[in-house]
Amino acid sequence: MNGVPPECRDWFVDHEGKPRPWSRDRSTPEEARWALAFHEAGHAVTALAYGMHLVSTGLITVTTEDGGWATTGGTRVVTNSVSAQHFAIHMAAGERADLHHRSRTGPVTSEMVELALSEHDREDAIAFLGTRGFLLGRDHTPPGGMSWKSVQYAADFAVTGLWDPIEAVAHGIHSRGSLTGDEAAVLAGVPNPPRQPTDSPKEAS
């Protein structure tokens with residue numbers, strides 16, 4: 001994509017370097033921006049709640065080569081000291097916050113659930129936690145690990161309990177495009193946990 005700021009370029013690939021999906025499921029860029037703003041706010045606020053240092057969060061809408069539009073986003077956190085369970089819930093919180101946002105327009109439908117699902121976040125979580133020896137099962141519970149379905153349920157509870165700060169951060173993302181971790185923490189009304197010199201960031205999309 002031409003015209004993408006350098007600080008946003010890592011939003012366009014997943015943990016394997018493959019292109020990330022674009023949000024084009026809504027009829028207008030504005031609707032897509034709101035959906036992704038809540039998605040990224042879900043990642044950002046759960047990260048803060050679980051003691052992760054939040055580096056940045058935001059979204060970007062660009063013009064595609066065919067003259068259309070596409071939107072994507074990214075949230076960068078420091079994960080060194082977080083538990084595997086909390087990291088997994090943080091990764092699922094994006095789609096669950098998106099679904100919660102969509103559900104305010106009416107009863108939850110299978111279409112809403114499908115639109116909010118974020119398979120790339122699930123796959124990122126499986127790959128990343130696998131390097132730490134923690135197993136996530138796509139459709140089963142591996143020995144000593146968790147199923148993705150149980151992670152989603154836990155993320156639903158987390159998002160519900162954190163909805164006010166998630167909504168505040170989502171509005172900030174929507175209006176500004178991107179936020180530093182400290183800016184998002186101010187909007188959420190919580191401190192941004194300090195980052196240690198040896199910590200390295202991890203991306204959630």
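The values are calculated or read from the model by the stated rules, or taken from the named source; none is laboratory data. Small disclaimer: the values here were computed from a predicted structure and weren't measured. A quick note on method: Cβ atoms are made from the backbone with ideal geometry, for glycine too, and the neighbour counts reach across all protein chains shown. We work out accessible area using only protein heavy atoms, side chains counted, and drop any ligands, DNA or RNA first. Shrake-Rupley method; radii C 1.70, N 1.55, O 1.52, S 1.80 Å.
See the values below:
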{"item": "Top-ranked residue of region 169-185 - restricted to ones that are part of a helix (DSSP H, G or I) and among the β-branched types (Val, Ile, Thr), ranked as surrounded by the fewest Cβ atoms within 10 Å (Cβ to Cβ)", "result": "Ile173"}
{"item": "Positions within region 80-89 being touching a Phe, Trp or Tyr at 6+ places or on another chain (Cβ under 6 Å) and either open to solvent by 20 Å² or more (accessible area, probe 1.4 Å) or in a helix (DSSP H, G or I) (or both), in sequence order", "result": "Ala84, His86"}
{"item": "Filter result (out of contact with any His (no Cβ under 7 Å at 6 or more places or on another chain), hydrophobic (A, V, I, L, M, F, W, C) and in contact (Cβ under 8 Å) with a residue 12 or more places away in the chain) within region 107-137", "result": "Met112, Val113, Leu115, Ala116, Leu117, Ala125, Ile126, Leu129, Phe134, Leu136"}
{"item": "For Gly133: the one exception among (1) more than 14 Å from His100 (Cβ to Cβ); (2) touching a helix residue (DSSP H, G or I) at 6+ places or on another chain (Cβ under 8 Å)", "result": "(2)"}
{"item": "All helices (runs of 4 or more DSSP H) inside region 90-168 with 1 or more residues being open to solvent by 20 Å² or more (accessible area, probe 1.4 Å), out of contact with any Ser or Thr (no Cβ under 6 Å at 6 or more places or on another chain) and among the basic types (Lys, Arg)", "result": "119-130, 148-161"}
{"item": "Selection status of Ala158, closer than 17 Å to Ala37 by Cα and aliphatic (A, V, I, L, M)", "result": "no"}
{"item": "Verdict on Val4 being modelled with pLDDT under 75, out of contact with any Lys or Arg (no Cβ under 9 Å at 6 or more places or on another chain) and in a strand (DSSP E or B)", "result": "no"}
{"item": "So Leu48, is it modelled with pLDDT of 60 or more, over 21 Å from Arg104 (Cβ atoms) and assigned to a helix (DSSP H, G or I)", "result": "yes"}
{"item": "Gly58 vs. criteria open to solvent by 10 Å² or more (accessible area, probe 1.4 Å) and touching a residue at least 60 places away in the same chain (Cβ under 8 Å)", "result": "no"}
